[in-house]
Every structure is written in C-alpha cells, then in structure tokens.
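A short worksheet on the structure shown next.
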Amino acid sequence: MKFLSTLLGVFVTLMMLTSAFATSEYSHEVVKYVQGGARPGGNGSKKRPFSSLADAEQHNWDVLFVLSSPFDLDGGITLKPGQKLIGEEDPTGIAVSPTQPTIINTGTTNGGNGVVVTGDATIKNIFFNNTNKNGIDTTQAENLTVQNVRITGFNQNPVLFSSFGIGGFEQKSGVTRLENVIISNPSGKGFSGIFESLSANGIHRKFLICNCEFTQLHEGIFIQVANPDTTSTLKIENSYFHDFFANGIGIFGLLFNNSQQTMLLKNSTFYNVGVGNGATIFVEPQQTSQLELKIDSSSFEEILIPNTAQGVIVDSFNNSSTTISVEHSTFTNMPAIEPASFDASSIKMEVEDSTFNNTPFAIEPASFDASSIDTLVKCSIGNNVTNFFTPLLFAGQQTNKLCGNTVSGGTFYTTNTGSSSAVELSTLEGNVFSGSIGFLVESPPAGVAWKLLEINAEHNCFNGGNAAGSIGFDVQSGNHGSIAIRAHENSFAGFVSDITDGGSSASYLVSKNFWGTPTKTCTSTSMCGQYQLCENNLCLGPTTNLTIPGFTGFIDASKPLSTSINCPSSCSPSQSGTQTPLPQTIKLSAEEMREMLEKKKAFPAQYQPTEAVQIP
C-alpha cells in the first residue's frame, strides 16, 4: 500500500512538472483557459475555464490555452495583435495529436471563420473542423506562426465563396510560418488549402511552410501577387501533396503589375495531384513581373491515371522575367517541365541531376512572339521517355544546351510551329541517347521558313538499336530558311537510316563522325554509298541515306571515323540529390475521411507528420 501511495505521489508530481513546463514559456504573459463543455460562468482559470470562445474574447489575455475536451468550441475567435491561441499538448509528444481540442464555426460570428488573425499571432495544437468559411483568416495578419495544427471541413456554407484552410487578401507585410500542419477537405467544398492574395501596394510577405501535408483539395497553395512593387517569398520544405481531386493544382501562382515572387521548393513530394488536366505546379507571371522558381530534391509522380497530370508549368507574359532551376528531382508518369514565354518575356532555365521516367516529354520549352528562352539541361536521366527535349517555336528565340545526359527513348525533337522569325541555337555535348530517332526537325506549316536554326552536336553517342524506321538525322519536308546541322566526333550506331531529309534546305556539316561498324568491303570509293569513302577496303560514312527531290541543302560527311568514340560515362544524380523519406500517410477515401471526422476519431499515428525541420 505504501508503495502504491509513493508511486501515485511521483505520478502527480510529474504531471505537475509537465504542466508547469508547458506554461513556463508564457510565465510573463497573461494566461487564460477555455474548454469546450466547461461549466458556464468560468473566470478563465485552469480550474474554472471559460466555456466558449465568445466568452474568452471579452476578456484581456496574452495567451489563451484551449484544454482538450470531447466537446467542440463553436463560433470562432478574433485574435487581437500579439495574442496566442495554444491547444493542450499531447502527453506522448505527437506533433499533430488525435486529442487536439477542436474549433468549429457553424454560424456567421467572426465571419464564419475558425480564427481571424490581426497583427502578430501564434496558433498551436488546434484542430479546425467544419467552419462555414476559412479555418484561419489572415487578411489582417502580420507575423503569424501556425504549428501542430490540422484543418479540414472549411467552406461548409457554399454561399461564402472562395473559402480556404488558411489565408486571406493580405493587407500587411510580414511572415507566415507553418510547421506540422495538415490541411484537407474531403467534401470538396473548399477552394485552396492555403490562399494568399497580396492586395495592398508595396507590401512584402514571406510564407515558410515546413513538414506540412496537403490532401483531398482542389488547390494546395494559391498565391497571387497583384500590386506594384509587391514581393512574395514562398519556401516549402519537407512537405507532402497527395491525392487531390480531379484537375487539381498543387501550387498555383499569379503575378501582375511589376510584382516579384520567389518560390523555393525542397525535399517535397507531389503524388496524384493533377489527375485529369491539372498540374503539380502552375505559375503565371504577367505585366513585367519577376519570378524565381527553384526546385530541389523533390519528387513528382502520377500513379492513378498516368500521364494525365502536368508537372511544372510556367507561362510568362507581357515583358515578364523568369528564372527556373530544377535539380536532384524526379518526375514519373507525367509531362514534366513546360516553360512558355509570350509577349517579349524571357525565361532562363537550368535542369540538373534530375530523372524523368515514363513520360511523353521531359522538357518542352515554347516561345511565342518576340520572347526568348535560354535552357541548360545537364547530368540528367530519361527512362522510357517519348521525347526528352522538345523545343517549340511559335516565334521568338531559343538557346538550348544539353550536356552529360543519359536518355532512353525519344531524344531531341524541334518544331517551328508557324513563324519565319523563329531563331533556335541548340548545342548537344557529351550525351548518351538510346532512341529510334537521334534528331528530329518536324515539318513547319506551309510557307514558314526558319530565320535561323543551328544544331551543334559534339562527343555524343546515339544508338538507334536497329529498330525499324530508326533514323539518325530526320529533317522533315518544308524546313526551309537558314538551317545548319553541325556534328563532330559523335557516334551514330544502330540506325536503319543515318540521314533522312524530306526535302529541306538544311546544310549537314557532319564530318569526322562514327557511323556504325562498317560491313561493306570495297576497293574504291565508287563502290560505296553517296556520302561514303573507301578506306582500308571498308566503306566508311553514313549509310542508307535518303534525300528526296526538293532537297536544296548539302551534306559534308567527310573524314568518317573507323571506330566509335569513347561514349561519355553516365552522369547519375549525386548523393546530394537523395531525398529524405517523407511520412507515409494512409490513403483514405473521401467516404472514410468523412466518417472519421464525423465520429471524431483520431487520425492514425501513421498519418502524423514526422519531427519538424526547423524554419529559420
């Protein structure tokens, strides 16, 4: 008996120490308590907490602790500048706990929102569920921290349009930090998980999102920077976007009026996000705005209906300027990277140490009007891609360079889709391509001629695998204007036809290349093909070449090599590109999720984010 009494005493002491520890950081602030289902008339102490948020809102405090309860707190709350809303922590230390106190809003008090933030605020350890409008409204927020929070069921009243989990039409500069936050909306009524529209001139906001999860949404994050001299920085790290509704978008950005936006995405995963006609990332800078997009060590994958979702889309309009960097990342079962430049805009893009699997095309830059695109792709891998690099020129100018890539499938296809002002300068150096076509220049519309097309290839290895219809160079009919194809010290092997020209004006300066192991013997050059030489009793040079009537260019295939060049070694993604494993969440159907929430069940432990990566 004495032992049990001592044990109970130790337990009580530990609980008291734990409680004291939980509130010690707020010891210099006015602290009050609220609890769903508490007896009315409380004074805000821990023993006699307020019974409603409306009651708590009428009193002065710096920190409002929300005690756990099986009863929800209805009506939402508006936080005054500097106030903190802190839910009771889980005693086991789970970041997003099944026992979190719950705030709902089934009416119009506080605008139907769960929380309305004004000025600086901190929100921790709360479950926002079934709010008529937003989970957390940030229109008047300045510096906001949201940590260990779960939000779902927002926009329950469809009359309240444009509702979202967190966000607003921002009026002030500041920083929003999200850490260990889960946002979902199985009903499909809500708009975005996070919605931020910077609506005042000259404001500057940062959004730091770490170790968060977005699922069962139409849009994960929407950020609009619409006013002059306004800047936005979005940094996302170690976060998980998955299982969105059809045609969903993971991250959607809009820029206008000389605004600036920086998007930094690192060590994050997009899984089944844009099924149908959606996209994992879609950004549209307009009206002389400036965009910087950096993607590092992230994964993009579509499993539900492969190749229906788009990967990264950037459409730049009206003299806007965009830089794109993608490194150490993987794209699977989707068209991967699609930058397009319009209206004298410019895009500069670099892709490095990235992998593209089972995709119709890996990278497809498109230029329109008087715009320009400058692309560098290096040390990347294409596995079973239909087209690895596909520049499209509706007009404008493109400068492209591919270095040290290893590709199986389609390699380099270029198209002038309709402008006699199109200029393309492309360089391929040190690549290994295994596909049925080495180069393809597709037919342009009738009456369209290239202003300038130059393709320069050096120290590459092309292997057609002896596939039926395989072609080293395939320049289709109608390609006229100034076209120069230069290839020096490359290896072309396994092609049924080394050069096929449908009637163009291209100049092929393709001397000093290896064209496959020679099989035809000779005693003089007259015994060899049109562009071959007889050396050491073997016919060297391109074989089975086809040029149809109408070909007005020329082919110089002199000085053919008798042995293959040393093909470049594979340039695999480095160890620095290895991704940190993300939390494996349970895939729940909308039905299961709804049932779980209605019964107020806890999310399974596997559904919780891992320990947070600290945000600076």
- Item | Residue count, region 292-326 (criterion: within 12 Å of the chain's Cα centre (by Cα) and open to solvent by 40 Å² or more (accessible area, probe 1.4 Å)) | 2
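Across region 359-379, which residue is most open to solvent (accessible area, probe 1.4 Å) among those that are not aliphatic (A, V, I, L, M) and not in a strand (DSSP E or B)?
ASP369
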- Kindly provide the set of residues from region 380-409 that are under 15 Å from PHE462 (Cα atoms), open to solvent by 10 Å² or more (accessible area, probe 1.4 Å) and not in a strand (DSSP E or B), ordered by number. GLY404
- Query: Across region 264-291, which residue is nearest to ILE209 (Cα to Cα) among those that are outside any loop (DSSP other than H, G, I, E, B) and within 9 Å of the chain's Cα centre (by Cα)?
  - Reply: LEU265
- Task: Go through GLY82, GLY75 for me and flag whichever is over 22 Å from ASN105 (Cα atoms), modelled with pLDDT of 95 or more, small (Gly, Ala, Ser) and in contact with a strand residue (DSSP E or B) (Cβ under 7 Å, 6 or more places away or on another chain).
- Result: GLY82
- Message: Criterion first (in contact with a Ser or Thr (Cβ under 9 Å, 6 or more places away or on another chain) and at pLDDT 95 or above) does GLY202 satisfy it?
- Response: no
- Item | Filtered residues of region 476-493 (kept if open to solvent by less than 20 Å² (accessible area, probe 1.4 Å) and either under 25 Å from THR415 (Cβ atoms) or in contact with a Gly (Cβ under 6 Å, 6 or more places away or on another chain) (or both)) | ASN479, ILE483, ALA484, ILE485, ALA487, ASN490, PHE492
- Task: Being farther than 20 Å from GLN397 by Cβ, at pLDDT below 95 and among the hydrophobic types (A, V, I, L, M, F, W, C) narrows it down to one of PHE473, PHE439, so name that one.
- Result: PHE473
- Message: Condition first: in a strand (DSSP E or B), farther than 20 Å from LEU509 by Cβ and touching a strand residue (DSSP E or B) at 6+ places or on another chain (Cβ under 8 Å). Can you find one or more residues in region 418-429 that meet it?
- Response: no
- Task: List the number of the failed condition for GLU350; all other conditions in (1) in a strand (DSSP E or B); (2) more than 23 Å from the chain's Cα centre (by Cα) hold.
- Result: (2)
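For the structure I just gave you, tell me whether THR118 is in contact (Cβ under 8 Å) with a residue 40 or more places away in the chain, open to solvent by 30 Å² or more (accessible area, probe 1.4 Å) and closer than 26 Å to PRO40 by Cβ. Step through it out loud before you land on a result.
On the way: in contact (Cβ under 8 Å) with a residue 40 or more places away in the chain: yes; open to solvent by 30 Å² or more (accessible area, probe 1.4 Å): yes; closer than 26 Å to PRO40 by Cβ: no.
In short, no.
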- Could you grab the pairs with beta carbons closer than 6 Å, sequence gap of 6+ or different chains, first residue in region 28-47 and closer than 13 Å to GLN58 by Cβ and in a loop (DSSP other than H, G, I, E, B), second one open to solvent by 60 Å² or more (accessible area, probe 1.4 Å) and of a type in the set (D, E, K, R)? GLY42/ARG48
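Being under 17 Å from LEU53 (Cβ atoms) and either assigned to a loop (DSSP other than H, G, I, E, B) or not aromatic (Phe, Trp, Tyr) (or both) is true for just one of ILE151, ILE94. Which residue is that?
ILE151
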- Near pairs, Cβ below 6 angstrom, 6+ apart or cross-chain, from region 357-372 (closer than 12 Å to ASN318 by Cα) to any residue that is open to solvent by 30 Å² or more (accessible area, probe 1.4 Å) and assigned to a loop (DSSP other than H, G, I, E, B): PHE368/PHE342; PHE368/PHE394; ASP369/PHE342; ASP369/ASP343; ALA370/ALA344; SER371/PHE342; SER371/ALA344
- Message: Suppose we filter region 473-493 for residues that are part of a loop (DSSP other than H, G, I, E, B) and in contact (Cβ under 8 Å) with a residue 40 or more places away in the chain; how many remain?
- Response: 4
- Item | Number of the condition not met by ASN431 [criteria: (1) surrounded by 23 or more Cβ atoms within 10 Å (Cβ to Cβ); (2) out of contact with any His (no Cβ under 9 Å at 6 or more places or on another chain); (3) not charged (D, E, K, R)] | (2)
- Filter result for VAL34 (open to solvent by less than 20 Å² (accessible area, probe 1.4 Å) and modelled with pLDDT under 95): no
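The values are calculated or read from the model by the stated rules, or taken from the named source; none is laboratory data. Since the model is a prediction, treat every value here as computed from it, not as a measurement. When we count neighbours, we look across all protein chains shown, and the Cβ atoms used for this are built from the backbone with ideal geometry, even at glycine. Keep in mind that these areas ignore ligands, DNA and RNA; they rest on the heavy atoms of the full protein, side chains included. Shrake-Rupley method; radii C 1.70, N 1.55, O 1.52, S 1.80 Å.
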